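Worksheet: one structure, shown below.
The values are calculated or read from the model by the stated rules, or taken from the named source; none is laboratory data. Keep in mind that this is a model prediction, so the values were computed, not measured. Quick reminder, even Gly has a Cβ in these numbers, built from the backbone with ideal geometry, and neighbours come from all protein chains shown.
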């Protein structure tokens with residue numbers, strides 16, 4: 001399979017996001033240009049430690065979760081788009097002469113890749129895309145090269161194909177997030193133009209920060225912080241298993257002391273982490289302020305998280321919902337979608353690869 005970060009759309013596809021805690025699937029359709037409909041989505045949890053630091057260590061368990069999510073999605077579509085974690089992909093922008101043929105470009109990309117990839121080229125898959133003319137040099141074009149080790153790609157493909165899917169596209173999580181962000185930008189003043197927007201995607205173990213200025217990514221960073229800290233605290237405090245804690249976290253049913261003694265301190269530390277990320281961004285870049293914070297990931301649905309972050313940072317906070325203006329298929333339970341939407345950003349961006 002081609003390492004396909006940049007290729008054009010290949011309709012239709014299911015967007016499959018394999019994170020450290022769950023498999024998330026989204027299926028979109030489109031009736032006219034820019035008019036989208038959410039046909040369905042599904043979430044299935046993954047066994048603890050089946051994915052460690054973005055690497056699949058329990059192939060069977062991950063495949064089982066993919067199979068379950070696909071069953072819940074209840075779709076006839078088999079073709080899928082997956083993504084690699086950003087940490088598994090090396091990207092570099094280079095300048096090349098404009099007007100090169102495809103094969104000339106390919107050999108130049110390989111020569112460039114040889115210089116900055118710390119592995120033998122036999123071990124990696126490479127893709128490239130011409131971004132456009134170079135800013136200060138009319139005879140050159142800017143080219144983005146992306147490379148990843150074959151084993152990282154093969155593991156994800158194997159997990160999906162063992163579950164019965166056919167992988168057509170391998171993207172990068174950051175790019176998929178940026179694709180889905182186009183739906184969120186339309187909900188911002190002036191559709192996000194001339195604004196600096198910080199997407200904070202807080203998953204089970206990691207907080208991914210992607211800042212866009214004028215709807216273009218200008219900064220990416222990760223911090224160790226996630227919802228598993230809340231799960232562990234529920235386990236410790238109330239003597240539950242990991243699985244029971246996860247269910248209780250989402251569905252409720254914990255003792256009255258939970259909110260005050262466990263949830264509120266977690267939300268406070270979440271807001272502190274976001275404030276720290278914000279300060280780090282403004283002090284280490286040319287941008288001295290952020291206009292909006294978009295909270296995404298499973299933690300964005302935690303009660304009071306958005307209010308706490310807004311109080312702490314004094315920046316307007318919104319919870320990510322890329323589906324807000326879409327039509328809904330009859331398989332979608334809208335009330336549940338309101339809770340799940342913030343965690344579906346990557347899966348939504350991947351599903352967009354299958355819609356013209």
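For the stretch 190-208, how many residues are touching a residue at least 40 places away in the same chain (Cβ under 8 Å) and surrounded by fewer than 20 Cβ atoms within 10 Å (Cβ to Cβ)?
The total comes to 2.
Among the numbered conditions (1) surrounded by 13 or more Cβ atoms within 10 Å (Cβ to Cβ); (2) at pLDDT below 90; (3) outside any helix (DSSP H, G or I), tell me where residue 168 comes up short.
Here residue 168 meets the rest and fails (2).
Residue check: is residue 139 more than 26 Å from residue 21 (Cα to Cα), surrounded by 15 or more Cβ atoms within 10 Å (Cβ to Cβ) and over 18 Å from the mean Cα position of the chain (by Cα)?
The answer is no for residue 139.
Do any helices (runs of 4 or more DSSP H) entirely within the stretch 234-347 hold 3 or more residues that are surrounded by 19 or more Cβ atoms within 10 Å (Cβ to Cβ), and if so, which?
Output list reads 242-251, 264-284, 305-313.
Give just the number: which of (1) modelled with pLDDT of 95 or more; (2) in a helix (DSSP H, G or I) does residue 152 not satisfy?
The one condition residue 152 does not meet is (1).
Taking only the stretch 31-44 into account, find how many residues are touching a strand residue (DSSP E or B) at 6+ places or on another chain (Cβ under 7 Å) and surrounded by fewer than 18 Cβ atoms within 10 Å (Cβ to Cβ).
Matching residues across the stretch 31-44 total 2.
Mind checking which residues of the stretch 63-117 are on the phi > 0 side of the Ramachandran plot and touching a residue at least 12 places away in the same chain (Cβ under 8 Å)?
74
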